[in-house]
Amino acid sequence: MALILIADRSPQERNKLRKMVEELDHIVVEADEINYTKDLIEVHPIDCALLEQKMAEESELQLFSLLEKLKIPAIAISDDNIETPQGAVTIIPHSPSPNQLAKFLAMILNQDTSFNLNNTPNYSVLPSTKTSSSNESWQSIFSIQTLQNLLAIAIDKAGVTLNEMTDFPIIFQETKVEATNYENLHKQLTKIFGSEKICVTQLPFFGGFSGTSQLFFLTESAKILTEFLTGEEPGSEDFEQAQMEMLTEIGNVVLNTVMGTMSNAMTKNLEYSVPKYLEDTLDHLLDNMISSSAETILLAQAHFMTEENEIQGDIILFFQVA
């Protein structure tokens, strides 16, 4: 299994390629414009890129050259009778046959170990190919590094979704993902939140695997976001209700995107309970959400800001690996 980037302006063409690539048991991340494609290439450990040739050609960004420099094999997508662009391994039509695409991906991914993630053979973030049962632990199927990388990708995708929902672009920066345990999680979050009340959206999930995922908002960040996105002023009669509704909606989008990415990677269907919005101290929240015996907890910290208004804050996301 590998991480494949599909960059094409046509959602129909991306969907066709995605289905073929996922049939080969690979993980897919998509881009529909050139700048986001560049961001994905530079930030995430892409194994292979399928890139629309015209989209790359019409941009001043030299994406094929960038891919070549980073030693990421690239397949150009074009229906025109042209030579393979410099920096690309080969060229395929927009609707290749499944066998044709499978042949090229197999050749490329097995061609050279330097194409592996981060060009480090010992740093494998690829999951095991064995079939999982609902009773198996996540770490028996995925390495922790896999989960870390998938979570980072999912947070980026959630940021894109949030931008589409609002008229105020929100940019996620400095996303950090780490595996920890209950004791260390408590220590880390205590340093951030102290004993003050915090805002959290919680999304329980079950099915192919189960657990909970949460979004923690610093109190001040929650107030700033609410005022900015709803126009309600802190202390007003409707502010608390507006904050609850706004943070629940953001939490629902982010957590569903994150868990959907994880579910797709494991080819497992998930069912979700209704998201909950809570305000409480860290100790009370952790006691009710996380088992102190949880074997592995994934913690993601994302700094956010808005382009025009310079509003900044932090979102904390964690969920236990049962």
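The values are calculated or read from the model by the stated rules, or taken from the named source; none is laboratory data. Small disclaimer: the values here were computed from a predicted structure and weren't measured. So basically every Cβ, Gly included, is an ideal-geometry build from the backbone, and we count neighbours across all protein chains shown. With ligands, DNA and RNA removed, areas are computed over all heavy atoms of the protein, side chains included. Shrake-Rupley method; radii C 1.70, N 1.55, O 1.52, S 1.80 Å.
Going by what's in this entry, would Ala158 be described as under 23 Å from Glu249 (Cα atoms) and either open to solvent by less than 40 Å² (accessible area, probe 1.4 Å) or at pLDDT 70 or above (or both)? Yes: the conditions hold for Ala158.
Against the list (1) open to solvent by less than 10 Å² (accessible area, probe 1.4 Å); (2) in a strand (DSSP E or B), the condition Thr212 fails is (1). Given segment 1-89, what strands (runs of 3 or more DSSP E) lie entirely inside it while holding 2 or more residues that are of a type in the set (Val, Ile, Thr), more than 22 Å from Ala152 (Cβ to Cβ) and over 22 Å from the mean Cα position of the chain (by Cα)? In segment 1-89, 74-77 are the strands (runs of 3 or more DSSP E) which contain 2 or more residues that are of a type in the set (Val, Ile, Thr), more than 22 Å from Ala152 (Cβ to Cβ) and over 22 Å from the mean Cα position of the chain (by Cα). When restricted to residues that are out of contact with any helix residue (DSSP H, G or I) (no Cβ under 8 Å at 6 or more places or on another chain), assigned to a helix (DSSP H, G or I) and not aliphatic (A, V, I, L, M), segment 90-106 contains 4. Of the numbered criteria (1) in contact with a Leu (Cβ under 8 Å, 6 or more places away or on another chain); (2) of a type in the set (A, V, I, L, M); (3) surrounded by fewer than 19 Cβ atoms within 10 Å (Cβ to Cβ); (4) farther than 24 Å from Gly260 by Cα, the one Met1 fails is (4). Checking each residue in segment 4-54 for being open to solvent by less than 10 Å² (accessible area, probe 1.4 Å) and more than 19 Å from Lys103 (Cα to Cα) picks out Ala7, Asp8, Val29, Ala31, Thr37, Leu40, Ile41.
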